[in-house]
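Bear in mind that the values in this text are calculations on the coordinates, not laboratory data. In this text the structure is predicted, and so the values were computed from the model without any measurement. Counting neighbours? That spans all protein chains shown, and the Cβs are built from the backbone with ideal geometry, glycine included.
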Amino acid sequence: MLTGKTAVITGGSRGLGETIAYKLASMGADIAILYRSNPSLAESVCATCSQSYLVKAKAYLCDVADFGAVKETVDAVKQDFGTVHILVNNAGITCDGLAARMKEEDFDRVIAVNLKGAFNMIRHCTGMFLRNREGCIINISSVTGLMGNAGQCNYAASKAGLIGLTKSIARELAPRGIRCNAIAPGFIATEMTADQTENPLLSMIPLGRMGEAEDVADAVAYLSMAGYVTGEVLRVDGGMAM
């Protein structure tokens, strides 16, 4: 289904990114993983992609918030894989706190990684998409960006910003056959939500449970193939934000 395509996944060494990498690899895509802090985890994901799905996979150390570092990394991916067809902007961090007490650096860092990091990746991959006259960008947002959440003004702002970025990029690049969509996960069982099992917002989920990383990966797989879908925000939230 995706044989001959190359997918770049930021934050691909664990959590949602890891599961997304396996899903796209299972569909035949070669995989380039960007990671920030744990090379052994990233190399393990690449080894699984290569050995289980017989695709090419390579890991790259990169802070997506650093514009210059992203350019160098994207250039390295191009050198290794030839081009890029799918970009999944999954890298994200949290640094929660009430706005009245939040440190400036905590706000700035979350915006830099979650929002500017996605822009940096799009900016440096777009040249390849334009030359190919095709491309698929998938930004991992959050229902928090749709609803807000007390104690997460920085995270919610970054994820809401991703939605605006998605729609603007979709309009800019659609004439060249390049699609840009977002996924807004709800409460998904990952390391990032491990301490949220008692969160009162869980009672707002009509399906009555947290989601799994595979649910988000399935949405990524759909959008990677959905040639007539762009500018969309696909909620994967058990109905929480409907």
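Worth pointing out:
- Computed log10 I(q)/I(0) for the chain at 0.15 Å⁻¹: -1.00, from the Debye equation with unit scatterers placed on every C-alpha and solvent omitted.
- Whole-Å semi-axes of the ellipsoid equivalent to segment 132-181 (Cα gyration tensor, √5λ, descending): 27, 8, 6
- Whole-number percent relative contact order across segment 1-156, with pairs defined as alpha carbons under 8 Å at least 6 apart: 23
- Dipole-positive endmost among 94, 164, 141 within the chain (Cβ charges, Cα centre): 164
- Working from label points 7 Å from Cα in the Cα-to-Cβ sense, the residue 98 to residue 56 distance is 5.3 nm.
- Relative to the longest principal axis of the Cα atoms of the chain, the long axis of helix 153-173 makes an angle of roughly 40 degrees.
- Pairwise FRET efficiency - residue 242 versus residue 75, Cβ, R0 = 41 Å, nearest 0.05: 0.45
- Both radii are taken from the alpha-carbon atoms of segment 114-242; with Rh as the Kirkwood radius, Rg/Rh is 1.00.
- Helix 213-225 axis versus longest C-alpha principal axis of the chain: approximately 50°, rounded to the nearest ten.
- Normalised convex hull volume, segment 60-114, alpha-carbon set, Å³ per residue: 79
- Per-residue packing, averaged as other Cβ atoms within 10 Å, sorts the ranges 221-232, 5-16, 133-144, 169-180 into the order 5-16, 133-144, 169-180, 221-232, beginning with the highest.
- Number of Lys-Lys pairs in segment 6-236 with C-alpha atoms under 21 Å apart and a separation of 8 or more places or on different chains: 11.
- Over the chain: helical MRE at 222 nm, DSSP H runs n ≥ 4 each giving -39500 (n - 2.57), nearest 500: -13500 deg cm²/dmol
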